[in-house]
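The values are calculated or read from the model by the stated rules, or taken from the named source; none is laboratory data. None of these values were measured; they are calculated from a predicted model. Neighbour counts run over all protein chains shown; Cβ positions are idealised from the backbone, glycine included.
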Amino acid sequence: MARKPKGRRIDGWLVIDKPAGITSTDVVNRLKRAFQAQKVGHGGTLDPLATGVLPIAFGAATKTVPYVMDGTKEYRFTLRFGEARDTDDADGVVTATSDIRPEDEAIRAALPRFVGDIMQVPPRFSAIKVAGERAYDLARAGEAVELAPRPARVDAFTLEDRPDADTAVFRVVSGKGVYMRSLARDLAVTLGTVGHVAALRRLRVGPFSEAMAVSLDSAAALGQEDAASSPLLPVETALADIPALALTGGEASRLSSGQALSLVAFLGRVPPEADPDGGIVRVMAGGKALAIGRLEGGMLHPVRMLTAAA
């Protein structure tokens, strides 16, 4: 007989404004205790130095985490010129210095080479695995860590402010897996100097924005009082950017049982923005997200069930 999971069954999303100085896992653990929840995860790691939007998934929402992490992200970071650090941010040890401070015109002229599809070397202190070990564990142990360049997508990279000669503030819109620390490091090197991230704030992750975020302390306090009174968002909030396809009760039941459904039955219902050749859709039934489906070969295939058909 299967053991009953410990804790309360809570489904939905909570957007936390992560404070500096703690890890994303610290946030998850605190909220899991506060809500006494069975299952909790997060939608995209933030470094301890970073603040801002950290989507927290409860229960069924954890099934949609990959779709959040694949979404567009927006950041604001401050680059401090003149010091390279081993972590590429202010938490690290200084490894090199430079007296060169670039002019605004030179900074703006260099930014376009970092926009679009680029190759980026991740920071040595990152969660990427090297021979089965996390890169940051190897780096902390003093071992040499050589990471290969990886494809990255940057949609926008703009200079927002120049408080003084030592610092510059940037806004970045990017895809999955782009490291702001690497952007800062590489931009400084391109400008003939060195630098690191002095401050970093995430403003958006997919459909989750800064305006939705609540403080960790207030969320934890609500969880301890009553989960029903917390600002939980529906599971399907994470899928807002994915085209929606509504099913009837019978169709939902068949899809839930693992059957692929012919798209002929959905003529006029398939959203025009959905790609019929391998595209992902948000399958809706009774006003709720039932599943993630894939359109392929004239059929709707279930990829991941989110709830049971009514």
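Can you tell me which residue in the range 110-135 is nearest to R153 (Cα to Cα), limited to those that are among the aliphatic types (A, V, I, L, M) and outside any loop (DSSP other than H, G, I, E, B)? Don't jump to the end; show me each part of the working.
As a first pass, look at the range 110-135 and keep what is among the aliphatic types (A, V, I, L, M): 110-111, 115, 118-119, 121, 127-128, 130-131, 135.
From what is left, the residues that are outside any loop (DSSP other than H, G, I, E, B) are 110-111, 118-119, 130, 135.
Details: A110: 17, L111: 14, I118: 6, M119: 9, V130: 23, A135: 22 Å.
The selected residue is I118.
Could you tell me which residue of the range 144-169 is surrounded by the fewest Cβ atoms within 10 Å (Cβ to Cβ), considering only residues that are touching a residue at least 40 places away in the same chain (Cβ under 8 Å) and touching a Leu at 6+ places or on another chain (Cβ under 6 Å)?
Ranking the candidates gives F157 first.
Any residue in the range 124-143 that is touching a residue at least 60 places away in the same chain (Cβ under 8 Å), in the same structural domain as A188 (by TED's automatic domain parsing) and loosely packed, with under 15 Cβ neighbours inside 10 Å?
Within the range 124-143, the subset touching a residue at least 60 places away in the same chain (Cβ under 8 Å) is 127.
If we keep only those that are in the same structural domain as A188 (by TED's automatic domain parsing) too, we end up with 127.
Checking the rest, the ones that are also loosely packed, with under 15 Cβ neighbours inside 10 Å come to 127.
There is at least one residue in the range 124-143 that is touching a residue at least 60 places away in the same chain (Cβ under 8 Å), in the same structural domain as A188 (by TED's automatic domain parsing) and loosely packed, with under 15 Cβ neighbours inside 10 Å.
Just checking, how many residues over the range 39-91 are farther than 17 Å from F170 by Cβ and among the hydroxyl-bearing types (S, T, Y)?
Residues meeting the conditions: 5.
If only one of D99, D88 is of a type in the set (D, E, K, R), at positive phi and not assigned by TED's automatic domain parsing to the domain that holds G223, which one is it? Write out each step before concluding.
Numbers: D99 fails: at positive phi.
Selected residue: D88, the only one of D99, D88 that is of a type in the set (D, E, K, R), at positive phi and not assigned by TED's automatic domain parsing to the domain that holds G223.
Say whether the condition of being within 14 Å of the chain's Cα centre (by Cα) and either assigned by TED's automatic domain parsing to the domain that holds N29 or of a type outside the set (G, A, S) (or both) is met by at least one residue in the range 74-84.
Narrowing the range 74-84 to residues within 14 Å of the chain's Cα centre (by Cα): 74-75.
This time we only want the ones that are either assigned by TED's automatic domain parsing to the domain that holds N29 or of a type outside the set (G, A, S) (or both), so: 74-75.
Looking for residues that are within 14 Å of the chain's Cα centre (by Cα) and either assigned by TED's automatic domain parsing to the domain that holds N29 or of a type outside the set (G, A, S) (or both), one finds at least one in the range 74-84, hence yes.
A252 - would you say it is outside the structural domain of V40 (by TED's automatic domain parsing), touching a residue at least 40 places away in the same chain (Cβ under 8 Å) and over 26 Å from the mean Cα position of the chain (by Cα)? First the steps, then the outcome.
Numbers: outside the structural domain of V40 (by TED's automatic domain parsing): yes; touching a residue at least 40 places away in the same chain (Cβ under 8 Å): yes; over 26 Å from the mean Cα position of the chain (by Cα): yes.
Criteria met by A252.
With the requirement that a residue be under 26 Å from M180 (Cβ atoms), surrounded by fewer than 23 Cβ atoms within 10 Å (Cβ to Cβ) and in contact (Cβ under 8 Å) with a residue 40 or more places away in the chain, what does the range 32-45 give you?
Listed by number, the residues that qualify are G44, T45.
Is there a residue in the range 157-177 that is modelled with pLDDT of 95 or more, within 17 Å of A96 (Cα to Cα) and among the β-branched types (V, I, T)?
Within the range 157-177, the subset modelled with pLDDT of 95 or more is 157-174.
Imposing the further condition that a residue be within 17 Å of A96 (Cα to Cα) reduces the set to 166-167.
Filter again for among the β-branched types (V, I, T), leaving 167.
Within the range 157-177, one or more residues are modelled with pLDDT of 95 or more, within 17 Å of A96 (Cα to Cα) and among the β-branched types (V, I, T).
So that you can scan it fast, the table gives a plain yes or no per residue for (1) touching an Asp or Glu at 6+ places or on another chain (Cβ under 9 Å); (2) of a type in the set (A, V, I, L, M, F, W, C); (3) assigned by TED's automatic domain parsing to the domain that holds D47:
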site	(1), (2), (3)
V197	yes, yes, no
A213	yes, yes, yes
D217	no, no, yes
A246	no, yes, no
S256	no, no, no
L263	no, yes, no
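Where residues in the range 68-91 are of a type in the set (G, A, S) and out of contact with any His (no Cβ under 7 Å at 6 or more places or on another chain), which of them is farthest from G142 (Cα to Cα)? Show your work before the answer.
First, pick out the residues of the range 68-91 that are of a type in the set (G, A, S): 71, 82, 84, 90.
Those left that are additionally out of contact with any His (no Cβ under 7 Å at 6 or more places or on another chain): 71, 82.
Details: G71: 34, G82: 24 Å.
Only one residue tops the list, namely G71.
When you go through (1) under 24 Å from D11 (Cα atoms); (2) of a type in the set (A, V, I, L, M); (3) in contact with a helix residue (DSSP H, G or I) (Cβ under 9 Å, 6 or more places away or on another chain) one by one for L200, which number turns out not to apply?
Evaluating L200 over (1) under 24 Å from D11 (Cα atoms); (2) of a type in the set (A, V, I, L, M); (3) in contact with a helix residue (DSSP H, G or I) (Cβ under 9 Å, 6 or more places away or on another chain) leaves (1) as the failure.
Picking from A152, A168, A184, which residue would you name as being among the small types (G, A, S), touching a His at 6+ places or on another chain (Cβ under 8 Å) and either in the same structural domain as D99 (by TED's automatic domain parsing) or more than 15 Å from R85 (Cα to Cα) (or both)? So that I can check it myself, show each step before the final result.
On the way: A152 fails: touching a His at 6+ places or on another chain (Cβ under 8 Å); A168 fails: touching a His at 6+ places or on another chain (Cβ under 8 Å).
Exactly one residue qualifies, and that residue is A184.
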